[in-house]
Each structure stands twice: as structure tokens, then as C-alpha cells.
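In what follows, a single structure is set out as C-alpha cells and then discussed.
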Amino acid sequence: MLMSNSDRPARLHFMANGFRVLSPGDHVVCAATGARVALEDLRYWSVVRQEAYAGATLASEVLAPR
């Protein structure tokens, strides 16, 4: 029986030029806001922190040196 990946968060390994799917799903959760980010819309993440972000502004704010 095939299982649907809809409404299930994916578990990913983030790399410099992409990511590898460890557990299938249709979205990830933004580390800054908790918002759902569809995998096809995912563009921003931290390799060091292994976190996904919903947008460039959020990623910049979270990752900016303090």
C-alpha cells in the first residue's frame, strides 16, 4: 500500500547546494515562525543549524551575527 505524503512534515538533511530527504513528506516547518513551507517552495535553510526558513528576510534575521 502506498502512503500519501500530504500533510506530513518531511525530515531533511540540508547541504550547501540542496537537501536530501530522510523521511518523506510534503512540507517542513520554519524554525523562526513555525509556518509550514512546502518542499517545492523551500529556498532558505542553515546547513550548520539544520533548520529551514520560510523566506530570505527570516533567514537573514536568524543567521545574522550579533
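When the chymotrypsin sites (Phe, Trp or Tyr not before Pro) in the chain are filtered for DSSP coil states and for at most 11 other beta-carbon atoms within 10 Å of their beta-carbon, no site remains. Among ASP26, ASP41, the sequence by solvent-accessible area, most first, with a 1.4 Å probe is ASP41, ASP26.
Considering only alpha-carbon pairs that sit under 8 angstrom and 6 or more positions apart, the relative contact order computed for the chain is 24 percent.
Between the labelled values [x] 46, 22, 15; [y] 33, 23, 21; [z] 50, 21, 15, the entry that holds Cα extents along the principal axes in Å as derived from this structure is [z].
The values are calculated or read from the model by the stated rules, or taken from the named source; none is laboratory data. Since the structure is predicted, the reported quantities are computational estimates derived from the model, not experimental observations. All Cβ positions, glycine included, derive from the backbone under ideal geometry; neighbour counts span all protein chains shown. Just the protein is used for accessible areas: all its heavy atoms, side chains included, with ligands, DNA and RNA removed. Shrake-Rupley method; radii C 1.70, N 1.55, O 1.52, S 1.80 Å.
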